[in-house]
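Worksheet: the structure to be examined is printed underneath.
The values are calculated or read from the model by the stated rules, or taken from the named source; none is laboratory data. All of these numbers come straight from a predicted model, not from anything done at the bench. Here the Cβ is made from the backbone with ideal geometry for all residues, glycine too, and neighbour counts use every protein chain on show.
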Amino acid sequence: MKTFDLPGTDIVAPAIVTGMMRIQDKSDAEVRALFDASLEAGINFFDHASVYGSAPHGCERRFAEALALTPSQRDEITLQTKAGIVKEDGPYFDFSYEEIISSVDGSLAALRTDHIDILLLHRPDALVEPEEVAKAFDELESQGKVRYFGVSNHSPAQVELLKKYVRQPLVANQLQLSITHANLITQGMSINMGALDQSVDRTLGTLDYCRLHDITIQAWSPFQAGFFNGPFLGNPDYPELNAVIDRLAAAYDVPTEAIATAWITRHPAQMQVVTGTTNPQRVTDAAKGADVVLTKVEWYELYRAAGHIVP
């Protein structure tokens with residue numbers, strides 16, 4: 001498994017992360033199988049959120065109950081979670097001091113741990129008061145409850161607003177990215193091409209901003225065709241793309257999932273890929289992509305086959 005030093009931290013991070021969004025209704029054996037397959041593939045980084053599950057902290061609680069990790073086992077993994085989405089009376093977003101502190105305390109209890117390795121702010125809060133975020137981060141850091149901080153689905157300006165008040169480095173930004181849902185990349189490719197919708201920059205330069213500021217992009221939904229509208233792998237709506245993926249998978253002797261993740265990890269921004277599957281075999285298959293280094297010709301062939309334009 002490809003690893004790298006996560007900028008701004010002392011964490012040696014794997015290129016692939018196992019997301020725990022869908023484990024609420026899984027048995028102990030199923031959660032353990034997913035965990036064991038991750039470790040065997042070289043993934044020791046697990047992504048959670050307070051909102052994941054049928055009740056607040058539901059997936060975090062299921063993770064801890066099923067695994068019952070010893071203190072030494074806990075120290076061998078990286079636990080990341082997210083705060084800021086509230087389901088009750090909502091959903092709505094809340095980055096208030098009280099909500100961040102309450103959410104982290106709930107995550108610590110649910111995960112049965114005394115610290116979170118990385119805390120992300122989950123989707124921007126339009127009513128954010130960054131002074132409150134800074135106060136919460138300072139308290140959580142000073143009490144040893146959170147080691148590092150980051151964001152999810154944030155624009156450069158939203159990050160800059162937080163950084164005006166928050167003294168800790170923001171080490172990660174979790175963003176949706178796949179071969180077909182690739183606005184982060186495609187819009188920068190088409191600057192000044194006025195006739196192309198692809199040239200309309202809806203990402204506000206987020207990819208380059210994160211690279212410039214040593215913020216690691218964590219790509220979520222790496223197999224989704226769009227915004228939660230189904231996968232592109234094996235999808236008849238993407239025949240040309242799947243033909244290229246199948247051919248490259250055969251050439252590299254890896255599953256098709258590996259080519260999908262390899263397209264992301266090949267990017268020099270050194271991103272992490274967050275899987276969301278509960279199938280241990282798919283985690284194993286996706287992890288193999290971290291060690292596939294596509295050529296530029298192959299990377300751009302996949303880019304074009306997905307329907308993106310090279311001007």
Any residue that is surrounded by fewer than 18 Cβ atoms within 10 Å (Cβ to Cβ), under 20 Å from R123 (Cβ atoms) and hydroxyl-bearing (S, T, Y) - is there at least one of those in the range 70-89? no
For the range 140-161, enumerate the residues that are among the hydrophobic types (A, V, I, L, M, F, W, C) and within 15 Å of the chain's Cα centre (by Cα). F149, V151
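Please list, ordered by residue number, the helices (runs of 4 or more DSSP H) wholly in the range 199-311 having 3 or more residues that are touching a residue at least 60 places away in the same chain (Cβ under 8 Å) and farther than 23 Å from M21 by Cα.
239-252, 296-305
Quick one: which residue in A136, A172 is in contact with a Ser or Thr (Cβ under 9 Å, 6 or more places away or on another chain) and part of a helix (DSSP H, G or I)?
Values: A172 fails: part of a helix (DSSP H, G or I).
None of the others qualify; the one that does is A136.
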Residues of the range 90-105 classified as out of contact with any helix residue (DSSP H, G or I) (no Cβ under 7 Å at 6 or more places or on another chain), crowded, with 16+ Cβ neighbours inside 10 Å and outside any helix (DSSP H, G or I), total: 2
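Filtering the range 1-60 down to residues that are among the polar types (S, T, N, Q) and crowded, with 23+ Cβ neighbours inside 10 Å, which residue is nearest to the chain's Cα centre (by Cα)?
Of all residues in the range 1-60, those among the polar types (S, T, N, Q) come to 3, 9, 18, 24, 27, 38, 44, 50, 54.
Next, only the ones that are crowded, with 23+ Cβ neighbours inside 10 Å stay: 18, 38, 50.
On the way: T18: 9, S38: 15, S50: 15 Å.
Among those residues, the one meeting the criterion is T18.
Please state which one of L120, L161 is under 24 Å from L212 (Cβ atoms), of a type in the set (A, V, I, L, M, F, W, C) and part of a strand (DSSP E or B). Break it down into steps so the answer makes sense when it comes.
On the way: L161 fails: part of a strand (DSSP E or B).
Every option except L120 fails the conditions.
Out of everything in the range 183-198 that is assigned to a helix (DSSP H, G or I) and in contact (Cβ under 8 Å) with a residue 40 or more places away in the chain, what residue ends up being farthest from D237 (Cα to Cα)?
Taking the range 183-198 and keeping what is assigned to a helix (DSSP H, G or I), we get 183-189, 197-198.
This time we only want the ones that are in contact (Cβ under 8 Å) with a residue 40 or more places away in the chain, so: 185-186, 189, 198.
Details: I185: 22, T186: 20, M189: 24, Q198: 19 Å.
Checked the range 183-198; the qualifying residue farthest from D237 (Cα to Cα) is M189.
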If I filter the range 210-250 down to residues being surrounded by fewer than 18 Cβ atoms within 10 Å (Cβ to Cβ) and aromatic (F, W, Y), which single residue comes out as nearest to K163 (Cα to Cα)? F227
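Listed residues L69, L79, L127, L108; which is in a strand (DSSP E or B) and not charged (D, E, K, R)?
On the way: L69 fails: in a strand (DSSP E or B); L127 fails: in a strand (DSSP E or B); L108 fails: in a strand (DSSP E or B).
Going through L69, L79, L127, L108 in turn, the sole match is L79.
Go through the range 144-154 and give me each residue that's part of a loop (DSSP other than H, G, I, E, B) and either under 26 Å from F232 (Cα atoms) or at pLDDT below 95 (or both).
Taking the range 144-154 as the starting set, the residues that turn out to be part of a loop (DSSP other than H, G, I, E, B) are 144-145, 153-154.
If the condition is that a residue be part of a loop (DSSP other than H, G, I, E, B) and either under 26 Å from F232 (Cα atoms) or at pLDDT below 95 (or both), then N153, H154 are the ones that fit.
Assess whether T180 counts as being touching a helix residue (DSSP H, G or I) at 6+ places or on another chain (Cβ under 9 Å) and either in a loop (DSSP other than H, G, I, E, B) or small (G, A, S) (or both).
Working: touching a helix residue (DSSP H, G or I) at 6+ places or on another chain (Cβ under 9 Å): yes; either in a loop (DSSP other than H, G, I, E, B) or small (G, A, S) (or both): yes.
The answer is yes for T180.
For the range 178-231: of the residues being more than 21 Å from F149 (Cα to Cα) and of a type in the set (F, W, Y), which is modelled with the lowest pLDDT? Walk me through it before giving the result.
From the range 178-231, those more than 21 Å from F149 (Cα to Cα) are 178-205, 221-231; that's our starting set.
Cutting the leftovers down to of a type in the set (F, W, Y) gives us 223, 227-228.
Numbers: F223: 96, F227: 77, F228: 72.
So the residue we want is F228.
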If you go through the range 1-39 one residue at a time, how many are outside any loop (DSSP other than H, G, I, E, B), aliphatic (A, V, I, L, M) and over 20 Å from Q281 (Cβ atoms)? 2
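One line per residue, one yes/no per condition, for (1) hydrophobic (A, V, I, L, M, F, W, C); (2) touching a strand residue (DSSP E or B) at 6+ places or on another chain (Cβ under 6 Å); (3) within 20 Å of Q174 (Cα to Cα):
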{"site": "S50", "(1), (2), (3)": "no, yes, yes"}
{"site": "I101", "(1), (2), (3)": "yes, no, no"}
{"site": "G106", "(1), (2), (3)": "no, no, no"}
{"site": "A110", "(1), (2), (3)": "yes, no, no"}
